[in-house]
Structures are given as structure tokens and as C-alpha cells.
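The values are calculated or read from the model by the stated rules, or taken from the named source; none is laboratory data. No experiment lies behind these values; they were computed from the predicted model shown. Glycine gets a Cβ as well: all are built from the backbone with ideal geometry, and neighbour counts include every protein chain shown.
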Amino acid sequence: MKRMLLNRLAASLLAVLCVLAAVPAFAHTKSETHTVWQIMGKTVHLTFTMPVVEANRLALNGALPSNSRVTGYLTAHVAVTSKSGGCTATAPARAVAATEQFRRFEISFQCPSAEDLKLHSSAFFELVPSHVTFAQIETDQGEFVEQLFTRDQQEVAASAAAGGELASASFFRYVQLGIMHIFTGVDHMSFLLGLVLISRRVRDLAFVITGFTLGHSATLALAVTGIIRPHAEFIDALVALTIAVIGAENIAVATHRPGVVALGLGSLLLSMALVRMGGTGLLPAPLLFGAALFCCCYLMISGQLRDSGRVRLVVTLMFGLIHGFGFASDLLEMRLPTQRLAELLLGFNLGVEVGQLTLVFVALALVKLLMKVHLSLPRPIVVDTLSAGLVGLGMFWFIGRSFA
């Protein structure tokens with residue numbers, strides 16, 4: 001009975017998911033760059049990091065942009081002003097070492113005054129109107145915040161590091177942010193659907209959601225406090241891969257052919273790794289090789305176990321670590337009050353859990369209603385078909401985000 005209840009619950013969640021997917025749900029930016037603004041009195045030091053694909057937008061006559069081309073462009077599109085006037089660059093912009101997929105440049109500004117500093121960036125907006133530049137602002141008092149430069153907001157006050165709108169927000173506002181993140185995140189809802197499908201009993205569902213909660217709570221705290229900052233595009237792709245893996249596990253368990261499913265998913269990831277070694281794609285080849293190895297081993301193990309609830313607890317904890325960084329990328333777009341980070345994290349995490357449980361309980365109510373009117377669905381349609389859909393949707397997002 002519980003298994004049937006979970007199947008119907010999955011069907012209800014899918015209906016909600018389809019409604020949300022019918023509207024534009026591009027929560028992940030496709031064109032972005034990252035900046036770090038270090039403010040030390042009257043001096044502002046800027047580090048501007050861009051993916052190679054973004055730098056190549058500055059190409060002239062088909063030739064890849066040189067360092068002098070990029071530095072000249074940045075010099076014309078970034079600036080700092082103060083209450084007493086504009087700030088001057090103390091030296092020409094210069095290129096510094098970066099990883100293979102990125103190019104990094106530095107500029108230092110000297111201001112006539114340390115009062116009312118404002119940071120300006122108009123880079124890439126004339127090339128990609130939807131472009132976003134993340135701005136990490138750090139002061140010599142240890143204050144820290146992340147803001148956004150967009151086409152409509154090309155100026156950011158350095159005082160944002162002291163806290164913005166969220167500094168005076170109530171605890172309930174932090175909870176509300178977490179709830180809305182779940183209700184507007186189609187990829188996170190898809191992953192939740194996969195957890196429901198894979199759980200044979202209500203107790204199993206409680207275990208996997210607990211593991212997921214512990215994982216995303218840990219990495220959300222690490223990212224917001226600045227201890228760990230992974231590349232956003234890597235996290236976006238890996239979030240999609242977790243959806244595909246959960247769907248593949250459902251198929252492996254249902255068909256009792258984990259080897260075939262593991263071979264199929266692993267081969268696809270290995271092929272992407274080989275393509276990346278040829279110079280195409282964003283994700284590093286070692287990451288893709290590691291993902292292929294993990295997926296094959298996990299699918300083989302879970303497909304052979306009669307009761308793999310405890311194994312899934314550990315695995316969903318790992319997947320939760322990835323989703324936590326995804327939560328953080330959206331949260332960091334706001335002005336985070338450093339003096340209230342603990343309260344913000346507690347409220348946001350609580351909101352995420354409220355959002356997840358609300359979806360489950362609402363779906364349970366719908367299931368009970370369907371049972372009363374005898375509109376139950378056969379298990380193969382509910383589990384097998386939806387699992388295949390999750391694999392297709394997850395791999396579509398994963399491949400798209402890996403080569404965007």
C-alpha cells in the first residue's frame with residue numbers, strides 16, 4: 001500500500017513539474033563573468049575572471065583576442081568613482097595566470113577619497129544583453145558580500161559590503177527565500193521526484209530526504225561564508241547529472257539489469273570526456289571520467305542490493321552537497337549581511353525543508369483524492385516511464401550545460 005501511495009505521489013509531483021516546465025525556467029545564467037573588488041581605503045583592486053568562451057566574444061576578424069585586446073576592452077568598461085571624483089588606474093590592466101578554461105586580468109584604482117565608492121562595469125552587455133557579472137566585494141574591515149552587474153544595473157555601491165536589503169530583513173523573510181527557491185527550481189523539483197520514485201517505503205523516502213538535507217545544508221554554509229567557491233557552471237551541470245543518475249537507478253532496479261544501464265550512462269560520460277580532451281566543452285575531462293566511474297559503480301551496487309536504503313542515504317548526501325552549491329549560487333546574488341549569516345542560513349535551510357515537505361504533503365493529499373475516485377495508475381507507467389523521462393531530462397540539461 002505504501003509503495004502504491006509513493007507511486008501515485010510521484011505522478012502528482014510530475015503533474016506539478018510539467019506545469020512549471022511549461023513556462024520559461026532558465027534559472028541558470030548562460031553568459032557570466034566573475035569579479036573580485038578588494039577595497040583598502042582609497043585603493044580598489046579588481047580581479048576580473050572570464051571563461052574562455054566569453055573572452056572569445058571579443059575576437060576581431062576571426063582571430064582569438066589577445067591579452068592587449070582584452071585589457072583594452074576592460075579598461076574602457078570598468079571603473080570606480082568616489083564622492084570626490086573618478087578614480088584613476090595606477091597601472092595598465094594586466095593578464096594573470098588562470099586555469100585552462102578561464103582568463104583572468106587585474107586592475108588597481110587609486111581614488112581621491114574613500115567615501116561613497118561606487119563600482120562600475122558595463123563589460124559584455126552590448127554583446128550579450130542577458131550577461132551577468134558576479135561582483136564579490138571585500139573591504140579591509142573584513143566585510144564581504146556578492147552583488148550582480150546586469151545590463152540594467154551597471155553600478156554597485158561599495159557600501160553594499162556592509163549589508164543591503166537582507167540586513168534588516170526578518171527571520172521569516174529568510175525562510176520565505178528558501179521556500180520560493182524550491183517552488184521555482186524545476187531541476188531541484190525533478191531531483192525530488194526521483195527520490196520519491198526510488199523509495200519503496202515512506203521510511204526510505206525519509207532517509208533519502210534526510211541525506212539530501214544534510215548535504216545541501218553543509219555546502220550552502222561553506223559557499224555563503226566563502227570557504228569554498230566552486231565554478232558555477234560546473235555545479236549547474238552536475239545538478240542535472242544527479243537527476244539523470246536517480247532516474248537511471250530507478251530503471252536499473254525495475255529492470256534488474258544494472259549492468260546495461262550502468263554501461264549506457266557510463267559510455268555517454270566517457271564519450272563526453274573524450275570530446276572534452278579534443279578541446280570541446282566546459283567540464284574538465286578528469287571530472288567527466290570520475291563521473292563515469294562513479295555512476296557505473298553506484299548503479300551496479302544499487303542494482304544488486306535488495307534493500308539499498310542505507311546506501312542511498314550516503315549517495316543522496318553526496319548529491320545534496322552538489323545541490324547545496326546550486327542553492328548558494330542564487331543566494332549569493334543578493335546582498336548578504338555578514339553579521340547575520342548564521343540566522344540567514346538557518347532560515348533559508350528551514351525554508352528549503354518546508355518547501356520540500358509541502359510538495360510531498362500536497363501530493364499525498366492529491367493521491368488520497370485519486371484513491372477515493374479510483375483513478376490509480378499502473379506501476380510501470382508511474383515508475384518506469386517517469387524514470388526514463390528523468391534520465392532524458394537530466395542528460396538534456398547536463399549536455400546543454402556542459403557545452404553551453
Exercise. Can you find a residue in the range 8-25 that is at pLDDT 90 or above and within 30 Å of Leu287 (Cα to Cα)?
Worked result: no
For this session: Examine the range 98-112 for a residue that is loosely packed, with under 13 Cβ neighbours inside 10 Å and either at pLDDT below 90 or within 28 Å of the chain's Cα centre (by Cα) (or both), and state whether such a residue exists.
Result: yes
Problem set entry | Members of the range 53-66 found to be over 13 Å from Phe105 (Cβ atoms), out of contact with any Pro (no Cβ under 9 Å at 6 or more places or on another chain) and touching a residue at least 24 places away in the same chain (Cβ under 8 Å), listed by number | Val53
Exercise. What are the residue pairs meeting all of these: first residue in the range 227-249, first residue among the charged types (D, E, K, R), second residue at pLDDT below 90 and not in a helix (DSSP H, G or I), Cβ atoms under 7 Å, and 6 or more apart or on different chains?
Worked result: Glu233/Leu282; Asp236/His28
Exercise. Which helices (runs of 4 or more DSSP H) does the range 162-276 wholly contain that include 2 or more residues that are of a type in the set (A, V, I, L, M, F, W, C) and under 18 Å from Glu353 (Cα atoms)?
Worked result: 171-183, 186-198, 202-224
Exercise. Is it the case that some residue within the range 223-242 is surrounded by 19 or more Cβ atoms within 10 Å (Cβ to Cβ) and farther than 28 Å from Leu341 by Cβ?
Worked result: yes
